[in-house]
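Peer 1: First the structure, which I've put down as structure tokens, then a few questions once you've had a look.
The values are calculated or read from the model by the stated rules, or taken from the named source; none is laboratory data. For clarity, every value in this text was computed on a predicted model and none was experimentally measured. Here the Cβ positions follow ideal geometry from the backbone for every residue, glycine too, while neighbour counts run over all protein chains shown. Just so you know, the surface numbers come from the protein's heavy atoms only, side chains and all, with ligands and any DNA or RNA stripped out. Shrake-Rupley method; radii C 1.70, N 1.55, O 1.52, S 1.80 Å.
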Amino acid sequence: MLKLTIAGRPNTGKSTLFNALTGTRDALVHDRPGVTRDTISGQIKNRNWVVSDTAGLENAKTGIAANSTNIALDVIESSNAVLFVVDGRAGLTSADIDWARLVRKKTKAPILLLVNKSESGKRLSDVNEFYKLGFGEPVLISAEHKTGFDKIYEFLDEIAPAALNTEENNYVPQKLKIAIMGQPNVGKSTLVNKVLGEKRQIVMDAPGITRDTVKIPTTFYGRNIILMDTAGLRRKAGVKDDVETLSAIKSLDAIDKADVIILVIDATKNIENQALGIAARVYDKGKILCVALNKWDLVAPELRDEKLLKLKHQFTNSFHQIIKPLILAISAETGTGIQNMFRRIYEQWDISNTDAPTSLINRIVEKLIEARQPPMSRLKRPMKIKFARQTGRHPMKITINVGGASDIPESYTRYLRRGLSEELHWEHLPVTIEYKKDENPFDAK
């Protein structure tokens, strides 16, 4: 696919335009300038173009703004086309002129000048002054109201008619989506950069740097994947900013959109209840969870066994959906353990997409019943387990037909879940068991 980049100074409406072009709400939108820090990407609806929303270009020498601007300029340099967005209400600014000059130096790709917030002619400044930017005729649009987009599509189609979606080229292979989650400053963006082999995400020793959920298609350890770097999640008491609240909502929303979640934990600290809360959400959604013990190289060797054992106990005792949590030690800074972690994740993903033979499931259940008979019902009748089969994935779901009994006790369900998980190699996957009561054919209709 061809690459399109949205660029401009802060608060011109770039993220609103990104969401409108992709038909998503992936980009965080707020009236405050400088909300976007990382570059996020998505596919334009009905076009084989990947569009990137970049941070606002700012004249800063150090700090977050400088890092964001440098990353944005790198993305612009590698683009096939650029949408340069200005604020039609504010009029032409010296910053627009400076950044337009720099963008022209960075890329030889075609550039379309968009004058955003042009829905009201009364509030619009003199449009002709934007000719000074050297990008040709300004195109009036309203990203919020989705007006003026025809000119954008014409611009893209003139560059590459073959990029139009057709029946032949509309197919995009499904990629494994892996979300990186955790509390602030545990090393999520460092991990993403290590996997990508480049400094794509801003890394600073301060919480709250990443705000958007950033989706990055890449290839790692032999697989095409989409990495989702999320904003750090803090306890509610520590969240006093509405932008951080929006970021947290997007982070939790990533659980629904991802196939696998890597929960990054700082190995030098004790696990907090919030990390367990994130894990609970993941398991409840039936998703695969890998707990990455980051900064493992900073843990004293004599403390490692005890720390790992304690953490496994915490997870095993906290959640009924899994038998054995997938907890792996890594160092995002040095890269130690990262390939092994992804190898294990790929293994679990492949297992989770298979159907266990019904005959095998029933043999396992029969063996479990033989080893430990179901308890008597409240009516002192024997509980009869008749037939079992797999009826779902993500989570792995087993439906068991029962007869002659009321509810199966939770203790016996845990016994069956453990036995089935171990035999089917589902120990690291969330597993649910449901019972379907056989109807008595002699009951009155």
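Peer 1: How far apart, in nanometres, would the label points at E272 and R393 be if each is projected 7 angstrom from Cα along the Cα-to-Cβ direction?
Peer 2: In this crude label model, E272 to R393 measures out at 3.6 nm.
Peer 1: Please turn the phi angles of the range 108-114 into ³J(HN,Hα) values with the Karplus equation 6.51 cos²θ - 1.76 cosθ + 1.60 (θ = phi - 60°), one per residue in order, whole Hz, x for glycine and proline.
Peer 2: Per residue, the Karplus-derived 3J(HN,Hα) values read 9, 5, x, 10, 10, 8, 10 Hz.
Peer 1: To the nearest 10 square angstrom, what accessible area does W349 show with a 1.4 Å probe?
Peer 2: So the heavy atoms of W349 present about 50 Å² to solvent.
Peer 1: Using modelled amide H (1.01 Å from N, peptide plane; none on Pro or chain starts), what sits under 5 Å from the amide H of I271, excluding residues fewer than 5 places away?
Peer 2: For I271, whose amide H was placed from the backbone, there are no distant partners under 5 Å.
Peer 1: Right, next: How much length is gained if the chain between K437 and D305 is pulled fully straight, taking 0.36 nm per residue apart and subtracting their Cα-Cα distance, in nm to one decimal?
Peer 2: Answer, rounded to one decimal: 43.0 nm.
Peer 1: Continuing with the same structure: Note down the nm distance, to one decimal, between modelled labels 7 Å out along Cα→Cβ at D350 and at T93.
Peer 2: According to this spin-label approximation, the distance is 5.2 nm.
Peer 1: Work out how much length Q373 to N224 would gain on full extension: take 0.36 nm times their residue separation and subtract the Cα-Cα distance, in nm to one decimal.
Peer 2: Answer, rounded to one decimal: 49.0 nm.
Peer 1: From the phi angles alone, apply the Karplus equation (6.51, -1.76, 1.60; θ = phi - 60°) to the range 132-139 and give each ³J(HN,Hα) in whole Hz, x where the residue is Gly or Pro.
Peer 2: Coupling constants for the range 132-139: 5, 6, x, 9, x, 5, x, 9 Hz.
Peer 1: Modelling each spin label as a point 7 Å along the Cα-to-Cβ direction, I'd like the H145/A280 distance in nm, to one decimal.
Peer 2: Output for this residue pair reads 4.6 nm.
Peer 1: Which of rounded, prolate or oblate describes the range 300-347 when judged by the alpha-carbon gyration tensor and an a/c cut-off of 1.5?
Peer 2: Since a/c reaches 1.5 but b/c is at least a/b, the shape of the range 300-347 is classed as oblate.
Peer 1: A further question follows. Filter K108/K132; K14/K194; K287/K386; K14/K287; K257/K285 down to the pairs with a C-alpha to C-alpha distance above 22 Å, please.
Peer 2: From K108/K132; K14/K194; K287/K386; K14/K287; K257/K285, over 22 Å: K14/K194; K287/K386; K14/K287.
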